[in-house]
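A.B. asks: Quick one: the structure is below, questions incoming.
FYI, it's all coordinate maths here, none of it is from the lab. Please read all numbers here as calculations on a predicted model, not as lab measurements. Please note: Cβ atoms are built from the backbone with ideal geometry, for glycine as well, and neighbour counts cover all protein chains shown.
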Amino acid sequence: MPKPVVAIVGRPNVGKSTLFNRIVGGRVAIVEDEPGVTRDRLYLEAEWAGRSFTLVDTGGLDFQENGEINRGVRRQIELAIQEANVVLFVVDARAGLNPDDEDAAAIIRRLNKPAVLAANKVENYGSQTQLYEFYRLGLGEPVPVSAAEGLNTGDLLDRLVELLPHEEEEKYPADTIKIAVIGRPNVGKSSLVNTILGEERVIVSKISGTTRDAIDTPFERDGRPYVIIDTAGMRRKSKVGGLTEKYSAIRALKAVDRSDVVLIVLDAVAGVTEQDKRIAGYAHEAGKATVIVVNKWDLINKDDRTMNRFTENIRDELNFMQYAPVVYISALTGQRVPRVLELVDFVAGQHAIRLSTPNINNLIKEAVMHNPPPGDKSRRLKIMYATQGGVKPPKFILFVNEPELMHFSYRRYLENQFRNAYGFEGTPIWFGLRRRSKEEQ
């Protein structure tokens, strides 16, 4: 089940970004010490009252100086709203109702999306008179907040989570591998999907997914069930250019949330772009098994070093995803496409590896002996015990004396030891740190 998507919409300078940062809070810094993951996300995970959701900052809606919304901006708003389960519409209570607010609200009403109206920059909570005019927007009762001060954001989030869709169970056999095919527009995602399905020829049916525009296509290969999660909206060509690319990431993350294995499709001609990094970063942070698929390989002039050079460049640009295997294909000619499903099976197995506790602790003991943990003046990190906390992705819990002494470089060293010993190819590895008391030590 994918996380619901909440889009923050509003004209410039009403406090959208401040509210965005207030809602996601400390979650922004979960992996901030890991180099290489692109940080300029327009979406981040948030949680309130036990409900997780993806919060999307639509950025400034670039209104014309005369106050009218031009066709491109109107389309931008519509794209943001269409991809969302709930719209968080932000207005400036201090500045009062603006014609731009009314135009944007009209679009929200026409698209019939659940919405919460946030009146930001409220200074006097004892008086509601400054909010009355916002009832004219037709989006219900405005919730007064001050994003900068964090005032009343709890009530706002309570209202918001009430509108989130209820979770639904997916009705597929337990051994089904769900595959998300993601990437920028025009890299050949739909061609790859069609080639895979055309080769297998055992399509069961096309089933509407739990998210808007998602199409689940079950099929079998050698008796094993698979589902390709494809988003129809990612296939559509649009006249809005860069806006489609911007919001294709939102469609992609919905598919990633539901998947077991992610195929990140790159264009061999274009190479790795910033948008590719953002999309790949989401799959990495979601802990999904991943295969990097370089399409349009038939269009490249090659020598005996071409593939190695391409792989080196991919490893450099996506350096947070060194674990992902790379396959070079042509969806048009079918070159190496059968290899894609072979890698899907392989990384799905690696994603689910479970180690025994004695094997984990023996590996940790040997790693520490060869390279002792870092210290800080008189203090030194001690790893007393380790266990596996879960799979998909593999999660390891390290019980230590002082978690703050664990440096990223040492965490990477331990990860490399696990990979050298047990593989884990195609999957991230997560480490959690827990403090052991002096008595337990």
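A.B. asks: If I take R0 = 56 Å and measure r between the Cβ atoms of Ser378 and Asn13 in this structure, what FRET efficiency does the formula 1/(1 + (r/R0)^6) give, to the nearest 0.05? Intermediate results must be reported in sequence, preceding the final value.
C.D. replies: On the way: r = 50 Å, r/R0 = 0.90.
Calculated value: 0.65.
A.B. asks: Right, here's the next one. Which pairs break 21 Å Cα to Cα here: Lys16/Lys277; Lys16/Lys189; Lys16/Lys288; Lys3/Lys288; Lys189/Lys296; Lys288/Lys395? Please report the intermediate quantities before stating the final value.
C.D. replies: Values: Lys16/Lys277 24 Å; Lys16/Lys189 33 Å; Lys16/Lys288 30 Å; Lys3/Lys288 15 Å; Lys189/Lys296 11 Å; Lys288/Lys395 12 Å.
Violating the 21 Å limit, Cα to Cα: Lys16/Lys277; Lys16/Lys189; Lys16/Lys288.
A.B. asks: Give the calculated FRET efficiency between Ala352 and Tyr132 to the nearest 0.05, with a Förster radius of 56 Å applied to their Cβ-Cβ distance. Don't jump to the answer; show the numbers that get you there.
C.D. replies: Working: r = 57 Å, r/R0 = 1.01.
The calculated FRET efficiency here is 0.50.
A.B. asks: Could you list Leu197, Leu414, Leu160 so that the one with the fewest beta carbons within 10 Å of its beta carbon is first and the one with the most is last?
C.D. replies: Leu197, Leu414, Leu160
A.B. asks: Let me ask you something else. Suppose the chain between Ser409 and His166 were pulled fully straight at 0.36 nm per residue; how much longer would it get relative to their current alpha carbon spacing?
C.D. replies: On the way: separation 243, 0.36 × 243 = 87.48 nm, distance 4.07 nm.
Residue separation times 0.36 nm, minus the Cα-Cα distance, leaves 83.4 nm.
A.B. asks: Another question about this same structure. Taking 0.36 nm per residue of separation and subtracting the Cα-Cα distance, what length does fully extending Arg51 through Ala106 add? Display every interim value, and only then the final one.
C.D. replies: Numbers: separation 55, 0.36 × 55 = 19.80 nm, distance 2.87 nm.
Here the answer is 16.9 nm.
A.B. asks: Moving on to the next point. Equivalent-ellipsoid semi-axes (√(5λ), Cα gyration tensor) for region 357-435, whole Å, largest first? Mind dumping the intermediate values first?
C.D. replies: Values: eigenvalues 84, 33, 28 Å².
So the three semi-axes of region 357-435 are 20, 13, 12 Å.
A.B. asks: Now for a separate question. Estimate the FRET efficiency between Asn359 and Asp316 by the formula 1/(1 + (r/R0)^6), using the beta-carbon distance for r and 25 Å for R0, to the nearest 0.05.
C.D. replies: Values: r = 33 Å, r/R0 = 1.32.
Given R0 = 25 Å and the Cβ-Cβ separation, E is 0.15.
A.B. asks: As I understand it, the dipole of region 357-435 uses +1 on the Cβ of Lys and Arg and -1 on the Cβ of Asp and Glu, about the Cα centre. Which of Leu405, Thr387, Phe424 lies farthest toward its positive end?
C.D. replies: Leu405
A.B. asks: Sticking with this structure for a sec: May I ask you to list the GluC sites (Glu not before Pro) in region 367-441 that are in a DSSP loop and have at most 15 other Cβ atoms within 10 Å of their Cβ? Walk me through the numbers on the way to the answer.
C.D. replies: Details: sites: Glu404, Glu415, Glu425, Glu439, Glu440; in loops: Glu425, Glu439, Glu440.
Passing sites in region 367-441 are Glu439, Glu440.
A.B. asks: With the crude spin-label approximation of a point 7 Å out along Cα→Cβ, what separation in nm comes out for Asp158 versus Arg419?
C.D. replies: Placing both labels 7 Å along Cα→Cβ, they lie 4.7 nm apart.
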